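The values are calculated or read from the model by the stated rules, or taken from the named source; none is laboratory data. Being a predicted model, the structure only gives us computed values, none of them experimental. Quick reminder, even Gly has a Cβ in these numbers, built from the backbone with ideal geometry, and neighbours come from all protein chains shown.
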Amino acid sequence: MSKIIKEDMIVESSAIQYATYYYRTKTLFVMFTNGHAYDYLDVEPFMWEGLRASPSAGAFLNKIIKKQHFTKII
C-alpha cells in the first residue's frame, strides 16, 4: 500500500507562490512571491487540508498557520 509523503499546491495568491506539505515531518514549506521561503513546523495534516480548502490561502496562513513555530530557510 502506498502512502502519500508530500503534497504540492500552486496557489493563486498575491502573497504565496506555492506550498508543499511533508506528512512524515508535519512540515509546511511556503514560497512567497517576494522570494522568501519558510518552513512551518508541527503543522497537523488537518491544517494543511484547511489551507488547501480555504478560499484565501494567504488569510488562512496568517490567521491559523503563522501561530505555529517556524524557521526561515531562505
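Which residue is modelled with the highest pLDDT, if the candidates are limited to the range 56-72 and must be basic (Lys, Arg) and under 16 Å from residue 29 (Cβ atoms)? Spell out the reasoning first.
Taking the range 56-72 first, the residues basic (Lys, Arg) are 63, 66-67, 72.
Right, trim to under 16 Å from residue 29 (Cβ atoms) and you get 66, 72.
Details: 66: 83, 72: 64.
In this case the residue turns out to be 66.
Quick check: is even one residue across the range 27-35 touching a Gly at 6+ places or on another chain (Cβ under 9 Å) and assigned to a loop (DSSP other than H, G, I, E, B)?
No: the range 27-35 contains no residue that is touching a Gly at 6+ places or on another chain (Cβ under 9 Å) and assigned to a loop (DSSP other than H, G, I, E, B).
Mind checking which residues of the range 61-74 are over 10 Å from the mean Cα position of the chain (by Cα) and surrounded by 14 or more Cβ atoms within 10 Å (Cβ to Cβ)?
64, 68, 70
Looking at the range 8-17, which of the residues that are over 10 Å from the mean Cα position of the chain (by Cα) and of a type outside the set (A, V, I, L, M, F, W, C) is surrounded by the most Cβ atoms within 10 Å (Cβ to Cβ)?
Out of the qualifying residues, it is 13.
If we keep just the residues of the range 18-36 that are among the polar types (S, T, N, Q) and surrounded by 15 or more Cβ atoms within 10 Å (Cβ to Cβ), which is nearest to residue 59 (Cα to Cα)?
20
Do you know which residues across the range 37-49 are crowded, with 17+ Cβ neighbours inside 10 Å and assigned to a helix (DSSP H, G or I)?
Result: 47, 48.
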